[in-house]
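Asker: Have a look at the structure that comes next, please.
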Amino acid sequence: WPELVLLDSGRLRGQIDFTLPRKGSIKLALRGNVSGLNGIINRSELKNLSLDFNGQLLGQTLSLYLPSLSIDQLDPGIPLGPIVLTDGQYRTHLHDLLQGTASWQHVQANLLNGRAWLGPQQLDLSRPQQLLLQLEGLELQELFRVYPAEGLAGNGIIDGTLPIFIDQNTLYIEAGQLQARGPGVLQFQSEKIQALGRSNPAMAIVADALDDFHFNLLTSGLSYDQSGKLILDIRLE
């Protein structure tokens, strides 16, 4: 469960029906919807979450179905949204709620004026799993706007695929691939780099190139390890 869940507005409507038989386990059915939910989950700001749900508890087995879920924006550092999930399902046992089986038909989020999405998938969270996240049409200039780095600017359109591995409560990425769709520009205007170029003639051409680099090829490997370290292996021509 997230360390921080703070919900400051929204509405939940639901109905629960249950049966207590003379013999056997309790039977429970629930259905309802959530609308306009806003708040913070961990370090991510949540805006306007809406969903429909229904589920049932039979003995120790809990099944939950989400026909539709939408979020206007989720901001873990870079804004995502709107986010849409269709035909989500989760089935688990009460003795270990986070080790169940999840599935969905489609998940998509707008990201950096492009989009990221997952196709139909079924996950068994009791063992290591892999997802393939597709990226299309991400804009470098939008990245530098929402996540600024001193002296760094540019433009270009990025596509790619990111293999996401889930192991217990850990997420990591191995051997992701990003590539520019066409030519673009990267500019890294740093006084430290310029000073290095002035003091080291061998670095002068590097400093000049980084100041205004027009590329016709940009590719990058991407890994994000379990300690939270992001590694980019970038090739520019």
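The values are calculated or read from the model by the stated rules, or taken from the named source; none is laboratory data. Bear in mind that the values here come from a model prediction, so they are computed numbers and not experimental data. Counting neighbours? That spans all protein chains shown, and the Cβs are built from the backbone with ideal geometry, glycine included. The accessibility values were calculated without ligands, DNA or RNA, using every heavy atom of the protein model including side chains. Shrake-Rupley method; radii C 1.70, N 1.55, O 1.52, S 1.80 Å.
Asker: Name every residue in segment 146-170 that is touching a residue at least 40 places away in the same chain (Cβ under 8 Å), surrounded by 13 or more Cβ atoms within 10 Å (Cβ to Cβ) and under 15 Å from the mean Cα position of the chain (by Cα), in order of residue number.
Answerer: GLY160, LEU162, ILE166 - these are the residues of segment 146-170 that are touching a residue at least 40 places away in the same chain (Cβ under 8 Å), surrounded by 13 or more Cβ atoms within 10 Å (Cβ to Cβ) and under 15 Å from the mean Cα position of the chain (by Cα).
Asker: Give me the pairs: first residue in segment 32-55 and on the phi > 0 side of the Ramachandran plot, second residue not in a strand (DSSP E or B), beta-carbon distance under 7 Å, and six or more apart or on different chains, which are they?
Answerer: Every condition considered, the pairs that remain are ASN42/PRO2; ASN42/GLU3; ASN42/LEU4.
Asker: Tell me, which residue of segment 87-127 that is closer than 17 Å to PHE53 by Cα and under 16 Å from the mean Cα position of the chain (by Cα) is most open to solvent (accessible area, probe 1.4 Å)?
Answerer: HIS106
Asker: Kindly list, by first and then second residue, each pair from a residue in segment 1-21 that is at positive phi to a residue that is at pLDDT 90 or above and open to solvent by less than 70 Å² (accessible area, probe 1.4 Å), limited to pairs with Cβ atoms under 8 Å and residues at least 6 apart or on different chains.
Answerer: That search, which allows pairs on different chains as well, returns GLY10/VAL34; GLY10/SER35; GLY10/GLY36; GLY10/LEU37; GLY10/ASN38; GLY10/GLY39; GLY10/LEU49.
Asker: Another question, then. Please name all residue pairs, on different chains or six or more residues apart, with Cβ atoms under 9 Å, provided the first residue is in segment 210-229 and is assigned to a loop (DSSP other than H, G, I, E, B) and the second residue is loosely packed, with under 13 Cβ neighbours inside 10 Å and of a type in the set (Lys, Arg).
Answerer: LEU217/ARG235
Asker: Here's a check for you: in segment 179-190, which residue that is touching a Gly at 6+ places or on another chain (Cβ under 7 Å) and open to solvent by less than 30 Å² (accessible area, probe 1.4 Å) is farthest from ASP159 (Cα to Cα)?
Answerer: Quick first cut of segment 179-190, residues touching a Gly at 6+ places or on another chain (Cβ under 7 Å) only: 179-180, 184-190.
So of that shortlist, the ones also open to solvent by less than 30 Å² (accessible area, probe 1.4 Å) come out as 180, 184-185, 190.
Details: ALA180: 6, GLY184: 13, VAL185: 16, SER190: 27 Å.
My answer is SER190.
Asker: Let me ask something else about it. Exactly one condition in (1) within 23 Å of the chain's Cα centre (by Cα); (2) open to solvent by less than 50 Å² (accessible area, probe 1.4 Å) is not met by LEU57; state its number.
Answerer: (1)
Asker: Same structure again: Just one of (1) open to solvent by 50 Å² or more (accessible area, probe 1.4 Å); (2) assigned to a helix (DSSP H, G or I) trips up ILE234, so point out which.
Answerer: (2)
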